[in-house]
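J.: Can you keep this structure in mind? I'll have questions shortly.
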Amino acid sequence: MPFIIHIFAVFAFALGLAEFGQIGLLDIIADGMNTSPENIGKLVSAYALGATVSAPILTALSANLSRKAVMLITTAVFSLGSLITSFGIDLTTMIIARFVAGLGHGLFLAAATSTAARLAGKAQAGSAVALVFTGFTVAMAIGVPGSTYLGGVMDWRWVMSFIAFFGVIGFIGLMLGMEDPLKTEVKINPIQNIKLLANKALLRATSVTFFAYSGAFATYTYIAPFVVDIAKESAEMISLYMLLFGIFAAIGNIIGGKLTDKLGIKAANIWLIALLAISSALFSLLGSSPICLKMMVSALGFFTFGIVPSLHAFLINEAHKQGDAADSVAVGLNIAGFNFAIAAGSTIGGFVMSHIGVAFVGYAGAMLSMLGLIVFLALNRR
């Protein structure tokens, strides 16, 4: 396996920290900024919106550019946005900086996965893509709970600065270790790619990803205040819940792939999305018990990332029906759907928290994920 793919994974670790690290720090940052946790939740939404914009659009427009140039620019943009965020100047500046960092996230992830597969060759393409995402899942399993713990013993601004640090490491690694130029094998018409972004079949398939994940992140984003206010646990326990979510997310991602192979795309999606919705509902229903909440957070992590392989397979399968050029566009749309879901889910969860109460975020998440299941069933009856 080419060493540079390991550098991709290091940067993917930074992306995972950036996307989810704030979730365990909501209360801490809110106290430090003299605002509410739901306002700090906008930092999660802003980052995800940036990735949503860049993943499909900038991926389509940059298809013929050097992969090294594209990834160097994205790592620089991400690192700069993350560094400005860590200064904690004011909420508005942080939201803008998070959006900018998210722009780097979306384009890098789309470019890195396709480049890793090409560098490794067909025989190891799957392993290469999995290696890139290993950085992401390690961030979920270790980095996020670690940052939550550190946020309790040091200034949260220093914790946020670690994200920019890993981004700089990724930049240096790419600059020194990646051959230049690494261009696409064939010339691709960017205008054709842009037109494919409006393909109705691909957009309908992406909507399943959007609704399913909106539900997951309407719930997950507000774990920290739920643990303290509903389960009546101390703030120090939040890192344990984030650790449980991350560990079971990594396990779910592996098992979800095996279930997709064994059950098929349709059956795997039906079961996994349904169980994700049930997990969100039980999160609110049983979450006042610390023991039950730990079980539900573990289940939420498992099914949130357990549906990654099946939903990806579903969208790629739909893309194959649209022609060869649709594959790369589908990858960008899938990343966009995932990140737009994080933005929408965290926003909806914040609305529910501020107007009804944090105890109800799981019910809101369950309804959103069920919408995803309904859309999936409707599409598979066509």
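Nothing in this text is a laboratory measurement; each read-out follows from the coordinates by a stated rule. Source: prediction; values computed, not measured. Cβ: placed from backbone, ideal geometry, glycine included. Neighbour counts: every protein chain shown.
J.: If we sort 56-64, 197-205 on the protection proxy, mean other Cβ atoms within 10 Å, highest first, what's the order?
T.: 56-64, 197-205
J.: Using per-residue counts of other Cβ atoms within 10 Å, averaged over each peptide, order 290-302, 329-341 from highest down.
T.: Peptide ranking by packing, descending: 329-341, 290-302.
J.: Any chance you could count the Lys pairs in the chain whose alpha carbons are under 21 Å apart, treating pairs 8 or more apart or on different chains as valid?
T.: Close lysine pairs under the 21 Å cut-off: 13.
J.: Which residue, chosen from Ser239, Pro225, Ile265, occupies the Cα position most advanced towards the positive end of the dipole of region 189-382, where the dipole is computed from +1 (Lys, Arg) and -1 (Asp, Glu) charges on Cβ about the Cα centre?
T.: Value computed over the given set: Ile265.
J.: Here is a follow-up. Would you kindly give the portion of the calculated P(r) for region 184-295 that falls above 25 Å, as a percent of all Cα pairs?
T.: 42 percent
J.: I've got another one for you. Take the Cα gyration tensor of region 1-188, multiply each eigenvalue by 5, square-root it, and list the three semi-axes largest first, rounded to whole angstrom.
T.: 30, 17, 13
J.: If you place +1 on the Cβ of every Lys and Arg, -1 on the Cβ of every Asp and Glu, and leave all else neutral, what size is the dipole of the chain about its Cα centre, to the nearest 20 Debye?
T.: So the magnitude is around 1180 debye.
J.: Dividing the alpha-carbon Rg of region 254-330 by 2.2 N^0.38 Å yields what?
T.: After normalising by residue count via 2.2 N^0.38 Å, the value is 1.34.
J.: Kirkwood Rh and Cα-based Rg: tell me the resulting Rg over Rh for the chain, rounded to two decimals.
T.: 0.95
J.: Report the residue, chosen from Gly152, Gly246, Gly143, that carries the largest GNM mean-square fluctuation when the chain is represented by alpha-carbon nodes joined by springs under 10 Å.
T.: Among Gly152, Gly246, Gly143, the largest GNM mean-square fluctuation belongs to Gly152.
J.: Still on this model: Among Gln192, Ile169, Phe210, flag the residue with its Cα farthest along the positive direction of the charge dipole of region 132-241, charges on Cβ as +1 for Lys/Arg and -1 for Asp/Glu.
T.: So the residue furthest toward the plus end is Gln192.
J.: What do the square roots of 5 times the Cα gyration tensor eigenvalues come to for region 189-382, in whole Å, largest first, as semi-axes of the equivalent ellipsoid?
T.: Those come to 31, 17, 14 Å.
J.: Name the residue from Asn334, Val153, Ser288 whose Cα lies farthest towards the positive end of the charge dipole of the chain, charges +1 on Cβ of Lys and Arg and -1 on Cβ of Asp and Glu.
T.: Final value for the positive-end residue is Asn334.
J.: Continuing with this model, one more query. How many percent of the alpha carbon pairs in region 1-90 exceed a separation of 21 Å?
T.: Summing the P(r) tail past 21 Å for region 1-90 gives 41 percent.
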